[in-house]
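Accompanying notes for the structure given below.
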Amino acid sequence: MNISGETGSGEHRQPGKQPGTDHAAFSALLEDSAEDLYEHAPCGYLSTLMDGTIAKINTTLLDWLGHERGDLVGRRTFSDLLTVGGRLYHETHFAPLLRIQGEVSGIALELRTTDGGRLPVLVTSTVKTGDDGRPLLIRTTVFDARDRRAYETELLRARRQAEHEREELMRLNATLQQTLLPPTLVNVPGLDVAAYYHVASTDMVGGDFYDLFPLSAGTWGLFLGDVCGKGAAAAAVTSLARYTLRAAAVYDPDPAAVLSNLNTVLNHEYNGHDPRFCTVVFGLLTPEGEHGGFRITLASGGHPPALLLRADGSADQVDTPGGQLIGVLPDAHIATATVHLAAGDTLLLYTDGVTEARQARTGNGDRYGDEALLDFARALAPTTASDAVAAIRDLLDTFGTGIDDDTAVLAINVPRPPSEELQ
C-alpha cells in the first residue's frame, strides 16, 4: 500500500491535474525570445555610442517617453532625453565618472516626455569594451522611479510635519514652563536676589519650581522644589504645589506648617495608583532691624541642603537632616534650621539636577555629587547672588549632555555696605 500518495513512477500527482501540465506551462514561459524580453522588459534599456548617440532603445522606454524609435536612434543622444538640470549633471559628473570607472550605478535623474512631463528614473550605465580593451558602447538600464519619488515626497512631507509638530510642542512646553515660574522675583529691601532655571530637554516640561513673595508684617517667603517625574503630570503637581505653598504661607507662615499643609494636599490628591511627590525647601525671611541682615528659617522636606557662603570666604551646608519627601506619607517629618544672613553672606538653594549631572570630563560618567558642589561653593565664596547664579550656569554648561534633569537655582545675598565694597 502506497501511503505517501506517490505513483509508481515517482511522480506526485495532484487531484484534477494531468501529468505534464505544469511542465508545459513552464515551457511556454521559456518560448519568449530574447528580443521580446529586451523590448518589453519591466525597465528601460538603451545602448549608445561613446559620444552618447542612441544606437538601440527598447519599447518599454519608448512608451514611457512617448517617442517613436525612428525619432531617437541615430538622431539623438542620451543627454538629449534629460531635463536641463539632468543634462548639466550628466556632462559634469555622470559622463566623466563613467569614463573613469567604467560603471555608474543608481543615479537619480529626470527624463523629458513628449507631452512636456518629467519622468523620475534611476540610471545605471556600464561601458562595453572590445577584446583590445577599447570602449565600444555604453549600455544603460533605466528604472521608473515615480513610485519611489512619490514615497520620498510623502516621507519628506511627513518629516516636515513631524518637525513642525515638535517645534509646536517645544513652544507649548516652554510656555507651560514659564507659567510655572514667577515672571520676576519681588524686590526685597536689603537683599540681592537672583534665580536661574536650566531646561535639560525641550521635549518635556520639568518639575522644578521656585518663588519669592511678600508676606505680612515685613516678612517674605521663598521656596524651591522638585517634583518627581516630567511632562504634563509633573506640571500639574508643580502648579498645585506652588499655589498651595503660597496659600499655606498666608494662612500660617511657619515653614514647618507650610510644608505640612503641602504634604497633606499632595498625599490626599495623589495617593492612588500613580502617587506623586516632591522635595521642597521653604524659607521665611525676616529683617533683623538694628542688628542688620536677615534671619532665615528653613524647612526641608527631603530636599538637598542649602549652601551658606559667608562673607569671610567660608561655605557650608545648612543642616536639615531627616526631612521626608512631601506627599508620600500622611504625616511627613519636616526638618527645620535657622540661620543669620549678614552683610556679604549668600544663601544658595538648588535642585538635584546639578548634583546628579554626569561629568563628561571624567570619562566614566560619574555623578557630580553634593561634596563636589560644596567644594565649588567654597572656592566661590564670598560672592553675590547674581555671581553665584552665573557660576552655577557656567558649571552646568561644562556637563554638556550629562544633564538628565532640569535644575533650578535661587540665591539671596545681603549686599555689603558701599564703604566695604570700595575696600
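The values are calculated or read from the model by the stated rules, or taken from the named source; none is laboratory data. Being a predicted model, the structure only gives us computed values, none of them experimental. In this analysis, Cβ positions are derived from the backbone assuming ideal geometry, glycine residues included, and neighbour counts consider all displayed protein chains. Protein only, heavy atoms only, side chains kept; ligands, DNA and RNA dropped before computing areas. Shrake-Rupley method; radii C 1.70, N 1.55, O 1.52, S 1.80 Å.
Okay, here's what the table says:
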item	result
Difference of contour (0.36 nm per residue) and Cα-Cα distance, ALA232 to LEU37	64.0 nm
Mean-position separation - Cα centroids, the range 297-349 and the range 217-273, in angstrom	17 Å
Long-range HN-HN contacts of ALA306 with modeled amide H, under 5 Å	VAL318
Theoretical FRET efficiency, 1/(1+(r/R0)^6), r = Cβ-Cβ of LEU215 and GLU152, R0 56 Å, to 0.05	0.35
Area accessible to solvent at ILE392, 1.4 Å probe radius, in Å²	10 Å²
The chain: relative contact order as a whole-number percent, Cα under 8 Å and 6+ apart	12 percent
The chain - Kirkwood radius from inverse mean 1/r over Cα pairs (Å)	28.7 Å
Computed over the range 96-168, the ratio Rg/Rh where both radii use C-alpha atoms and Rh is Kirkwood	1.22
Approximate spin-label separation ASP63-GLU91, in nm, with each point projected 7 Å along Cα-to-Cβ	3.4 nm
Highest-fluctuation residue, VAL199, VAL142, VAL281 considered, GNM on the chain with Cα pairs under 10 Å	VAL142
In order through the range 236-242: 3J(HN,Hα) via Karplus (6.51 cos²θ - 1.76 cosθ + 1.60), integer Hz, x for Gly, Pro	5, 5, 4, 4, 4, 5, 4
Carbon plus sulfur fraction of accessible area for the chain, probe 1.4 Å, in percent	53 percent
Square roots of five times the Cα gyration tensor eigenvalues for the range 272-423, Å	28, 23, 11
Rg over Rh [alpha-carbon atoms, Kirkwood Rh] for the range 226-274	1.00
Rounded to whole Hz, the Karplus (6.51, -1.76, 1.60) HN-Hα couplings of the range 66-77, x for glycine and proline	x, 9, 8, 4, x, 6, 10, 5, x, 10, 10, 9
Fully extended contour minus Cα-Cα distance, from ARG358 to GLN101, at 0.36 nm per residue	87.5 nm
³J(HN,Hα) computed for each position of the range 99-110 - Karplus, 6.51 cos²θ - 1.76 cosθ + 1.60, integer Hz, glycine/proline x	5, 7, 8, x, 7, 9, 10, x, 8, 7, 9, 10
Label point distance in nm, ALA342-LEU374, each placed 7 Å from Cα along Cα→Cβ	2.2 nm
Solvent-free Debye scattering, log10 I(q)/I(0), computed from the Cα coordinates of the range 36-127 at q = 0.16, 0.19, 0.24 Å⁻¹	-0.62, -0.91, -1.49
For GLY344, residues with placed amide H under 5 Å, excluding near neighbours	VAL414, ARG416
Cα-projected label distance for GLN161 with VAL186, points at 7 Å along beta-carbon direction, nm	4.9 nm
Heavy-atom accessible area ranking, 1.4 Å probe, most first, across ARG118, ARG139, ARG310, ARG295	ARG118, ARG139, ARG295, ARG310
Computed lengthening from ARG367 to THR83, 0.36 nm per intervening residue step minus Cα-Cα distance	96.4 nm
